[in-house]
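One structure below.
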Amino acid sequence: RAGTPGGARAADAVERRLRRTGAAPAFADGYRQPVVLPQGGAGTNLVARVEGTVFPQQAILVTAHFDHLGVASGRVYNGADDNASGVATLAALADHLRRHPPQHTVYLAALDAEEQGLVGAQALASDPPVPLGAILAVVNLDMVSRGELWAAGAAHYPHLGRLLRDAGLPLRFGHDTGAGADNWTSASDHAAFHQRGVPFVYFGVEDHADYHQTTDDAARIDPATFARAADTIVRAVGVLDASHAALVEGR
């Protein structure tokens, strides 16, 4: 949980993992961005950067929150799918980008306090490492390891949906219209950027029986299913990165 000793240890672990990828810190003083929590106390975002080779002044921002529910009534909520899966995929993407440099600069942000109201995302959107106008797309990863992978956001930003559909990726599209919980437009960290007019695609799976339960553990994740999802996300970021003209026009 954000703001707890466990949250601080999680932030340290994520920072160590980002350092191992070789991705550079996004800020002049390192990877960390302080986050003021609504109940008091502090959290932190961790943001890395892989420099673009063709359009370094324009960016793709990839986000995944690393906080979860913590400990309640003596019970541990590990949050393996929600959202260790997204953070693990973020790190795998960073590894891939260091081996295969992107055309655009890619920022990789592990965000805190999503469970407390997208607090880390709002902090990053309010004080980004690059002007918001330079961010061509946000790719948010939140629960990506269990079941069919959905891409939400095409209803708002058709050019992103068109690029991903044309690439023939194993994705389902939707969860971005209508009312209620079935519409994921405001359900996760991408919402902080969508509110500011930054196009997004949100990768996630539908809720399952272990969502926000103590049973959301790594043992419930099928490694082959998760690997396919992570591979799809890495490929999707590559598709967007290779589509400069479409991203600029859609922005």
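The values are calculated or read from the model by the stated rules, or taken from the named source; none is laboratory data. The shown structure was predicted, so the numbers you read here are calculated from the model rather than taken from an experiment. Here the Cβ positions follow ideal geometry from the backbone for every residue, glycine too, while neighbour counts run over all protein chains shown. Note: areas computed on protein heavy atoms with side chains; ligands, DNA, RNA excluded. Shrake-Rupley method; radii C 1.70, N 1.55, O 1.52, S 1.80 Å.
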For 127-135, 38-46, ranked highest to lowest by mean beta-carbon neighbours within 10 Å, the order is 38-46, 127-135
Expressed per residue, the solvent accessible area of the stretch 1-100 in Å² (1.4 Å probe) is about 46
re the stretch 106-176: pairs of Cα atoms spaced beyond 19 Å account for a percent value of 48
Correct semi-axes for the chain, from √(5λ) of the alpha-carbon gyration tensor and rounded to whole Å with the largest first, are 25, 21, 17
Over all viewing directions the Cα convex hull of the stretch 196-251 casts an average projected area in nm² of 5.5
Percent antiparallel among DSSP beta bridges confined to the chain, rounded to 5, stands at 50
If amide H atoms are modeled at 1.01 Å from N in the peptide plane, then the residues at a separation of 5 or more from ALA137, or on another chain, having amide H under 5 Å from its own are LEU61
Per the C-alpha gyration tensor (a ≥ b ≥ c, the square roots of its eigenvalues), the stretch 145-244 is rounded if a/c is under 1.5, else prolate if a/b beats b/c, else oblate; here it's oblate
Given 206-214, 4-12, 74-82, the highest-first ranking by average Cβ count within 10 Å works out to 74-82, 4-12, 206-214
Distance in Å, no decimals, from the C-alpha centre of the stretch 171-202 to the one of the stretch 1-56 is 23
What helix-only [θ] at 222 nm does the chain give? Using -39500 (n - 2.57) per DSSP H run of at least 4, over all residues, to the nearest 500, the answer is -10000 deg cm²/dmol
Calc'd 3J(HN,Hα), the stretch 219-225, phi into Karplus 6.51 cos²θ - 1.76 cosθ + 1.60 (θ = phi - 60°), Hz, glycine/Pro = x, comes to 5, 7, 9, 7, x, 5, 4
Rg (one decimal) and Dmax (whole number) from the Cα set of the stretch 75-208, in Å, equal 14.6, 45
Looks like the stretch 1-119, by Cα gyration tensor root eigenvalues a ≥ b ≥ c and the a/c under 1.5 rounded cutoff (else prolate when a/b is bigger than b/c, oblate otherwise), is prolate
